[in-house]
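Participant: Below you'll find the structure I mean.
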């Protein structure tokens, strides 16, 4: 009887068992990759938003001192450099992802032609910069 059991005994795994294990590992790897991508995108969005909020505070200081906002993005960069706002915020705002526009009205329809007329602004970062989904919206910061 013992000889019969030894003859039917097999060593290792069957091909079906191996395929099943590889399939499960593949599914787990896919879930981990998607989760990591979402976490990475959320971190990018929060970083953009934090920088935009810092810029809002700095532009508030500018308005207090000058009774207007800077007309151009380059004027904002010059101001940030002059007050030594920190290289991280200056370098971040210099990126093309940050769009700045100054307006004469709160509706944001008339761009400033001269510095004294700049009473409103808008900083926009498009959701495509952090791979935002259809339910996400652009980051828009106004005074």
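FYI, it's all coordinate maths here, none of it is from the lab. If you're wondering where the values come from, they're calculated on a predicted model, not measured in any experiment. Quick reminder, even Gly has a Cβ in these numbers, built from the backbone with ideal geometry, and neighbours come from all protein chains shown.
Participant: Starting from residues that are in a helix (DSSP H, G or I) and in contact with a helix residue (DSSP H, G or I) (Cβ under 8 Å, 6 or more places away or on another chain), keep the ones in the stretch 128-143 and report whichever is surrounded by the most Cβ atoms within 10 Å (Cβ to Cβ).
Facilitator: We begin by selecting, within the stretch 128-143, every residue in a helix (DSSP H, G or I); these are 128-130.
The next check asks that each one be in contact with a helix residue (DSSP H, G or I) (Cβ under 8 Å, 6 or more places away or on another chain); those that pass are 129-130.
Details: 129: 17, 130: 21.
It comes out as 130.
Participant: Just to be sure I understand the filter: pairs with C-beta atoms under 7 Å, separated by 6 or more residues or on different chains, first member in the stretch 42-54 and over 20 Å from residue 135 (Cβ atoms), second member part of a helix (DSSP H, G or I). Which pairs pass?
Facilitator: So the pair list comes out as 51/89; 51/92; 51/93; 54/89.
Yes/no per residue for (1) surrounded by 12 or more Cβ atoms within 10 Å (Cβ to Cβ); (2) touching a residue at least 40 places away in the same chain (Cβ under 8 Å); (3) in contact with a strand residue (DSSP E or B) (Cβ under 6 Å, 6 or more places away or on another chain):
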residue	(1), (2), (3)
59	yes, yes, no
63	yes, yes, no
67	no, no, no
72	yes, no, no
84	no, no, no
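Participant: Return the residues of the stretch 101-120 that are closer than 13 Å to residue 72 by Cα and either assigned to a helix (DSSP H, G or I) or within 26 Å of the chain's Cα centre (by Cα) (or both); say none if nothing qualifies.
Facilitator: Selection gives 101, 102, 103, 115, 116, 117, 120.
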